[in-house]
1. Quick one: is residue 102 closer than 24 Å to residue 5 by Cβ and surrounded by 13 or more Cβ atoms within 10 Å (Cβ to Cβ)?
2. Count, please, the residues in the range 130-149 that happen to be surrounded by 10 or more Cβ atoms within 10 Å (Cβ to Cβ), closer than 21 Å to residue 103 by Cβ and of a type in the set (Asp, Glu).
3. Of the residues in the range 44-62, how many are touching a Cys at 6+ places or on another chain (Cβ under 9 Å) and either farther than 20 Å from residue 110 by Cα or surrounded by fewer than 17 Cβ atoms within 10 Å (Cβ to Cβ) (or both)?
4. Name, by its number, the condition in (1) assigned to a loop (DSSP other than H, G, I, E, B); (2) touching a residue at least 24 places away in the same chain (Cβ under 8 Å) that does not hold for residue 124.
5. More than 19 Å from residue 97 (Cα to Cα) and β-branched (Val, Ile, Thr): does that describe residue 46?
6. Looking at 113, 83, which one is surrounded by 11 or more Cβ atoms within 10 Å (Cβ to Cβ), more than 21 Å from residue 22 (Cβ to Cβ) and of a type in the set (A, V, I, L, M)?
7. Restricting to the range 20-72, and then to whatever is β-branched (Val, Ile, Thr) and in contact (Cβ under 8 Å) with a residue 40 or more places away in the chain, can you tell me which residue is farthest from residue 83 (Cα to Cα)?
Amino acid sequence: MPQSISNVNIHIVFSTKYRQPLILPEYEKAIFGYLGSTMNNLKCHTICVGGYMDHVHLLCKLYRPLAMSKLVEEVKKNSSKWIKTLDARLADFYWQDGYGVFSVSQSGVTNVIRYIERQKIHHEKKTFQDEFRGILVQHKIEFDEKYVWE
């Protein structure tokens, strides 16, 4: 085949350092917008961005030549610097070191969008840790609690 073609949808999840509730309600739309713009600038088509006070969910199409790790590194680095400029209360803002990336079939994209859009409702009943454990179980990923949280 002379042409390289891809359609790789990924769901990225990461939290603030120590899961501090630093995604303040008055800035969340701007933060989510910035995260999406950063992905778009890296040629990864943003499908949906959302989250809660201590974490974010990003759904995008991965640009074929870009490594997932480079995408996440750039999104976290650029947004962390920018978030610190929003408010003095955010001067010590950092994302956690790690992240989760999960494949999403084309037929599953709508369900993941709905899931991301309902984060506030979802977190009335469930912590980020419980949510992330559930995602790991759903994707049949074995994990050791002592290596998941910082």
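Just so you know, all these numbers are worked out from the coordinates, no wet-lab data involved. No experiment lies behind these values; they were computed from the predicted model shown. In this analysis, Cβ positions are derived from the backbone assuming ideal geometry, glycine residues included, and neighbour counts consider all displayed protein chains.
1. When the stated conditions are applied, residue 102 passes them.
2. Number satisfying all stated conditions: 1.
3. Total satisfying the criteria: 1.
4. (2)
5. In short, yes.
6. 113
7. First, the residues of the range 20-72 that are β-branched (Val, Ile, Thr): 23, 31, 38, 46-47, 49, 56, 72.
Filter again for in contact (Cβ under 8 Å) with a residue 40 or more places away in the chain, leaving 31, 38, 47, 49, 56, 72.
Numbers: 31: 7, 38: 13, 47: 21, 49: 16, 56: 14, 72: 16 Å.
Step by step, filter the range 20-72, then rank; the result is 47.
Yes/no per residue for (1) under 20 Å from residue 108 (Cα atoms); (2) out of contact with any Asp or Glu (no Cβ under 9 Å at 6 or more places or on another chain):
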position	(1), (2)
4	no, yes
10	yes, yes
23	no, no
30	no, yes
38	no, no
42	no, no
70	no, yes
75	no, yes
